[in-house]
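Remarks on the structure that follows.
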Amino acid sequence: EELGYGRLNTYKAVCKAWSLKEEENTIDNDVSWTDGGTYFNSVSVTDNTTLTISSEIQFGPNAKLIIEPGSTVIIDGGKLTNIQCCDLESTSWPGIEVWGNRNASQYTPGAQGKLIINGGTIENAVTAVELLKPNDNTKTGGIIDANDAIFRNNARSIHAMDYRNFSPNPPYPEMDYYGTFTDCSFILDKYYFGDVTFYKHVDLDRVKGIKFYGCIFSLEHGATNVSEWNAGIAAYNAGFHVLPTCTTQVVPCPIIDSCIFSGFNWSIGVWGPAQLTDPPILIRNAHFDDFSTGVYINEHDYPVILENFFEGGYDDPYHGNCDFADGVGIDIHQSIGFAVENNKFLKNSEATQGNYAGIRVRNCPSMHDIIYKNELDGLSIGNYAEGTNRSVPLDDGTGVEYQ
């Protein structure tokens, strides 16, 4: 026992000594990490090289993994997590930074850093993946392609901002952001450290076209240090797609794998202000439950919300963020051109007593928007139109219509 105790103290002393070193690690040739490792200082992948990770890698509280423009990191079944020594077991690490070039196309070879995840895990980070260099708006536009990835107990999982992609060929038309998540899980549970406040899994700001296929977004009520104003996806003048995947090769697809959102104040929140060309938003065949607001749209025009299932209201007591109901499926404010069709709304069977609503439109200056063929069952309010939901001047031929 004494020998074991001595070894433990020696191990911690060595860990502490390494944690005080300031030099960074640079990878400038192709390499694979297959045997695990511990890094107290940041690791930079540079010079157009590729790092492949298929083991567990632990990072200290000041150690980032930086992917510089032209370089690639592939997480192939590996795990990136916080360090497990020096009394730092409950301390988050910064996460991954994927640097880009704001003025270059994501389809120009060598212009952007790239992160590929195939069945890998990133956990216990402040921001699991920054698709930019923080505090440098010239290095936005980092690329990500994630498949079967797990983002667990991060204060924020994905952050993308201030980049518009375009074709590298004349006439250089604008294109969607090169960012795709397929069958990924975004999880915050009772094991979250809570050393940084959780606000949202995905944070999108002035980007267009990032896609989520068949992903799971969850927030457990027992998690600590979670803001009341939490969200699964939060978008600020940004566009994205939430879509299902097909589980068979049959066409048309008989079985789909929907995106699932559970446990949030806002499952999806979108904030404007509205512009002449708002980035498109498409939310289709998703399942929302255990929420205060399923989809919230404020000053963002032309959102498309089709064929989703909403089971509104929290599983535990919560007052929500609405002034007229304890839970609402779709809440649209000061927006036009929306398509809300073929959605189904129910009250959560586990929700507390209160008022629960299906669809609200509030002060939407609509020329002629149709809320069409939605099913609303067992709610306090099915459809709620508040304020002036028509264009100005107030012509009888304009406004929101229900069919």
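Some notes on this structure:
- Pairs linking a residue in segment 94-113 that is under 16 Å from Met175 (Cα atoms) and free of Cβ contacts under 8 Å to residues at least 12 places away in the same chain to a residue that is open to solvent by less than 20 Å² (accessible area, probe 1.4 Å) and among the hydroxyl-bearing types (Ser, Thr, Tyr), with Cβ atoms under 8 Å and 6 or more positions apart or on different chains, do not occur.
- Those residues of segment 110-130 which are under 19 Å from Thr52 (Cα atoms) and outside any strand (DSSP E or B), in sequence order: Gly110, Gln112, Gly113, Gly119, Gly120
- Given (1) open to solvent by less than 20 Å² (accessible area, probe 1.4 Å); (2) in a loop (DSSP other than H, G, I, E, B); (3) of a type in the set (A, V, I, L, M, F, W, C), index of the condition Leu88 fails: (1)
- Scanning segment 217-242 for residues that are open to solvent by 30 Å² or more (accessible area, probe 1.4 Å) and within 19 Å of Ala160 (Cα to Cα) yields Tyr236, His241.
- Sole residue being closer than 23 Å to Asn374 by Cα and touching an Asp or Glu at 6+ places or on another chain (Cβ under 6 Å), chosen from His300, His287, His241, His221: His300
- Count of residues meeting criterion [under 12 Å from Leu376 (Cα atoms) and surrounded by fewer than 21 Cβ atoms within 10 Å (Cβ to Cβ)] in segment 342-366: 3
- Pick from segment 50-61, criterion open to solvent by 10 Å² or more (accessible area, probe 1.4 Å) and in a loop (DSSP other than H, G, I, E, B), ranking: farthest from Ile83 (Cα to Cα): Ser54
- Residue match in segment 354-373 (condition: among the charged types (D, E, K, R) and over 30 Å from Gly397 (Cβ atoms)): no
- Residue list for segment 243-267, restricted to those being open to solvent by less than 50 Å² (accessible area, probe 1.4 Å) and either on the phi > 0 side of the Ramachandran plot or touching a Ser or Thr at 6+ places or on another chain (Cβ under 6 Å) (or both): Pro244, Phe261, Ser262, Gly263, Asn265, Trp266
- Within segment 279-300, being crowded, with 22+ Cβ neighbours inside 10 Å, within 20 Å of Val400 (Cα to Cα) and not β-branched (Val, Ile, Thr) holds for Tyr296, His300.
- Which numbered condition Ala339 fails, given (1) under 23 Å from Asp205 (Cβ atoms); (2) surrounded by fewer than 21 Cβ atoms within 10 Å (Cβ to Cβ): (1)
The values are calculated or read from the model by the stated rules, or taken from the named source; none is laboratory data. Keep in mind that this is a model prediction, so the values were computed, not measured. With ideal geometry, Cβ positions are generated from the backbone for all residues, glycine too; neighbour counts draw on all protein chains shown. For accessibility, only protein heavy atoms count, side chains too; no ligands or nucleic acids. Shrake-Rupley method; radii C 1.70, N 1.55, O 1.52, S 1.80 Å.
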